[in-house]
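The values are calculated or read from the model by the stated rules, or taken from the named source; none is laboratory data. Computed from a predicted model, the values in this text were never measured in an experiment. All Cβ positions, glycine included, derive from the backbone under ideal geometry; neighbour counts span all protein chains shown. Protein only, heavy atoms only, side chains kept; ligands, DNA and RNA dropped before computing areas. Shrake-Rupley method; radii C 1.70, N 1.55, O 1.52, S 1.80 Å.
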Amino acid sequence: MNMHMQTTRTPAEEALLEAFSKLSTGLPGNGPVAEKRQEAVELLRKGLPTRKVEAWHYTDLRRLLSRLPDLEATAAVTARASILPDSVVLSVLNGRADAPEEIEGITAATSAQKLADGTAAALLGFEASDDTVSAINSAFAADGFMLDIPAGTEVSRPIELQNLHAGGQTHTRFAVKVGAGATATIVERHSGEGEAFVSSVSHLDVADNANVNWIIVQDQPESVSHLGRINVNIGQHAKVGLFVMNAGGKLVRQELRIVAAGEYSELRLRGINLLAGQSHCDVTMVLDHAAPHTTSTELFRNVVTGRAEGAFQGQIRVAREAQKTDAKMACNTLLLSDEGGFSSKPELEIFADDVACGHGATVTDIEKDHLFYLMARGIDEKTARGLLVKAFLAEVIEELEDESIVDALETKLDAWFAAHG
Amino acid sequence: MLEIKNLHARIAEDGTEILRGVNLTVKAGEVAAIMGPNGSGKSTLSYVLAGREDYEVTEGDILFNGESILEMDPAERAAAGIFLAFQYPMEIPGVATMEFLKVAMNAQRKVRGEDELKIPELMKRVRAAADELQMDMSMLKRPLNVGFSGGEKKRAEILQMKLLEPKLCVLDETDSGLDIDALKVVADGVNALRSPDRAVLVITHYQRLLEHIVPDTVHVLYRGRVATSGSKELALELERDGYAGLVGEAA
């Protein structure tokens with residue numbers, strides 16, 4: 001399946017292979033880890049995917065990621081205040097993890113350690129030949145954090161995995177194992193300054209009856225290519241609230257690979273994509289309902305301004321044995337510019353016969369009547385538009401139960417509007 | 001205060017002419033009623049006054065305190081003191097009513113060079129106005145007009161009007177959808193706003209509202225023109241004889 005075999009390599013394809021030959025001996029891990037890296041690079045040798053590869057139809061990676069920045073960061077970077085109050089911050093600065101802070105009841109290690117001792121080998125690799133994000137990250141992943149939350153632990157403080165850079169190329173890997181009945185809130189945050197190429201892959205393994213909130217906030221500057229992925233496995237009666245906010249980046253691909261593996265498991269996925277300037281943002285989800293009585297809801301709200309382009313691909317697969325699956329997906333876009341665009345591709349593959357599945361997608365402009373009503377009360381047009389755009393997004397945020405999360409996300413929204421509104 | 005001169009306006013989208021030379025003067029302190037059969041242009045007149053984009057003024061002028069407002073957008077007109085109480089107030093999900101009131105009041109205060117209202121003062125004013133209109137404050141925790149009944153929406157419009165203290169109040173069919181008790185409450189709210197430096201334009205199909213908001217002048221709009229004008233007795237005649245006789249006479 002070498003669908004993306006190319007004859008001449010782009011500068012970015014060359015740079016990836018060069019980077020590997022330069023870095024590989026210094027990357028953590030031998031034996032199985034090194035073998036996985038080697039396999040990943042073999043895939044990259046065949047070139048980056050183009051729009052002819054279905055999974056990359058809306059994001060022609062070969063064209064969009066035409067060149068890479070230098071390997072090294074251009075400056076030092078320091079950790080930032082957490083998004084949620086009173087969080088434990090675990091930071092990766094310019095691709096290197098700080099020694100993890102002691103968190104009561106949790107085992108934490110850097111990914112560099114786990115790769116070096118080989119225990120993280122099983123996390124590396126890729127699903128198929130179109131799984132380019134996993135492949136790039138498997139080849140280069142150098143650091144990050146791996147946490148183990150034992151069964152029954154209620155982690156009282158949010159944990160923020162903070163991935164910051166000042167340019168260059170960084171490849172991080174995060175993994176959190178949540179034991180049976182445990183609860184936790186994790187923030188995965190990607191930001192930085194300068195021209196950078198970032199890949200980051202996370203693993204969230206949620207055991208039976210556990211309850212996890214995982215919030216991804218990406219607000220890279222418009223000089224960053226960001227490839228992200230999270231792999232989520234949800235056990236029996238376990239609940240996962242996954243929130244994705246993209247509010248920056250030049251080229252962004254965020255993949256969500258989720259398996260509702262245990263009976264009665266629940267996923268609540270919410271997302272906001274804010275697109276401005278000439279950015280390209282693609283959120284691609286593949287969700288397997290693999291067991292009976294599983295429930296999922298997916299709701300994305302997107303705002304597109306300027307010449308930005310966005311895409312949402314949402315694939316829900318219901319296995320033959322996953323009877324009584326209940327899945328609802330929606331993707332609504334506010335298109336504020338004639339030059340911008342957003343594509344939405346929902347896909348349902350249902351092999352069970354007793355299920356309730358639905359999806360819907362809309363692309364609209366601001367309601368003229370609503371704008372007139374607000375202006376007729378003396379609110380100037382810019383402010384009125386801002387209120388209506390926020391209102392469109394507020395519905396996704398306000399239903400979150402945790403006030404501090406609502407406040408934190410609204411603060412991020414305000415920052416984006418201040419810069420782009 | 002308000003001078004409408006030979007006003008012609010059409011629907012922007014298809015060019016249908018609705019107003020065909022309206023002439024009307026409303027003085028400060030005056031309550032003027034605009035009556036007329038369906039399709040006579042009453043609501044169009046209210047929208048054109050507020051500056052709705054869907055209508056195009058092709059001829060004539062609207063002077064507010066001596067200055068033309070035709071080049072002003074709806075927000076500028078509102079800040080200048082024109083308030084339209086909508087016949088069908090829009091439901092706007094996601095916009096919290098209190099937040100909306102705060103933004104609107106402060107936007108107008110800013111234009112007038114006044115300080116921003118802080119939350120406690122704002123709450124005090126909103127609570128006082130809501131009490132007078134017998135509105136439950138819990139309604140104001142909902143998104144703007146969302147899930148409000150027809151009557152609640154009309155009360156919410158009058159609440160906004162009280163808080164924004166406009167110079168010219170335009171009430172578009174404020175009585176529609178109100179039962180008699182609600183009608184009295186709303187009328188009392190409007191009457192409380194009557195003052196020598198404020199004018200009110202009451203647009204209505206029926207005389208019923210005018211029993212509670214007693215007008216100084218009554219004007220009948222017919223086929224996009226003021227067909228006849230008179231005192232409050234004109235409204236009673238219309239109630240008794242219908243529009244047919246009067247407009248026949250005028251035509």
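At a glance:
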| quantity | calculated |
| --- | --- |
| Any pair with Cβ under 6 angstrom, 6 or more apart, that starts in region B:78-105 at a residue that is at the interface with chain A (Cβ under 8 Å from one of its Cβ atoms) and ends at one that is open to solvent by 10 Å² or more (accessible area, probe 1.4 Å) and acidic (Asp, Glu) | B:90/A:369; B:94/A:395 |
| Subset of region A:280-336 (residues that are closer than 30 Å to residue A:223 by Cβ and over 18 Å from the mean Cα position of the chain (by Cα)) | A:304, A:305, A:306, A:307, A:308, A:332, A:333, A:334, A:335, A:336 |
| Residue list for region A:388-421, filter: among the charged types (D, E, K, R), more than 21 Å from the chain's Cα centre (by Cα) and not in a helix (DSSP H, G or I) | A:401 |
| Given (1) over 27 Å from residue A:19 (Cα atoms); (2) surrounded by 19 or more Cβ atoms within 10 Å (Cβ to Cβ), index of the condition residue A:92 fails | (1) |
| Tally of residues being closer than 13 Å to residue A:167 by Cα and of a type in the set (S, T, N, Q) across region A:79-110 | 1 |
| Search result, residues across region A:335-384 that are in contact with a Gly (Cβ under 8 Å, 6 or more places away or on another chain), within 14 Å of chain B (Cβ to nearest Cβ) and open to solvent by 20 Å² or more (accessible area, probe 1.4 Å) | A:382 |
| Residue list for region B:35-66, filter: open to solvent by less than 50 Å² (accessible area, probe 1.4 Å), within 20 Å of residue B:198 (Cβ to Cβ) and either more than 14 Å from chain A (Cβ to nearest Cβ) or over 17 Å from the mean Cα position of the chain (by Cα) (or both) | B:45, B:62, B:63, B:64 |
| Total residues in region A:293-305, condition open to solvent by 30 Å² or more (accessible area, probe 1.4 Å) and in a loop (DSSP other than H, G, I, E, B) | 1 |
| Those residues of region B:24-60 which are in contact (Cβ under 8 Å) with a residue 60 or more places away in the chain and in a strand (DSSP E or B), in sequence order | B:24, B:26, B:31, B:32, B:33, B:34, B:35 |
| Hits in region A:293-305 (condition: closer than 15 Å to residue A:239 by Cα and not acidic (Asp, Glu)) | A:293, A:294, A:295, A:296, A:297 |
| Residue A:173 being touching a strand residue (DSSP E or B) at 6+ places or on another chain (Cβ under 8 Å) and either among the hydrophobic types (A, V, I, L, M, F, W, C) or surrounded by 24 or more Cβ atoms within 10 Å (Cβ to Cβ) (or both) | yes |
| Given (1) open to solvent by less than 10 Å² (accessible area, probe 1.4 Å); (2) in contact with a helix residue (DSSP H, G or I) (Cβ under 6 Å, 6 or more places away or on another chain), index of the condition residue A:146 fails | (1) |
| Region A:235-289: number of residues that are among the acidic types (Asp, Glu) and either in contact (Cβ under 8 Å) with a residue 60 or more places away in the chain or open to solvent by less than 20 Å² (accessible area, probe 1.4 Å) (or both) | 2 |
| Count - residues of region A:176-199 that are closer than 15 Å to residue A:242 by Cα and either open to solvent by less than 10 Å² (accessible area, probe 1.4 Å) or hydrophobic (A, V, I, L, M, F, W, C) (or both) | 6 |
| Filtered residue count, region B:67-122, keeping only those that are polar (S, T, N, Q) and open to solvent by 30 Å² or more (accessible area, probe 1.4 Å) | 2 |
| Among the candidates A:97, A:108, A:139, A:184, residue that is aliphatic (A, V, I, L, M) and touching a Gly at 6+ places or on another chain (Cβ under 9 Å) | A:97 |
| Selected residue (criterion: farthest from residue A:374 (Cα to Cα)) from residues of region A:385-417 that are surrounded by fewer than 16 Cβ atoms within 10 Å (Cβ to Cβ) and within 12 Å of chain B (Cβ to nearest Cβ) | A:399 |
| Index of the failed condition, residue B:131 passing every other in (1) within 14 Å of chain A (Cβ to nearest Cβ); (2) over 21 Å from the mean Cα position of the chain (by Cα) | (1) |
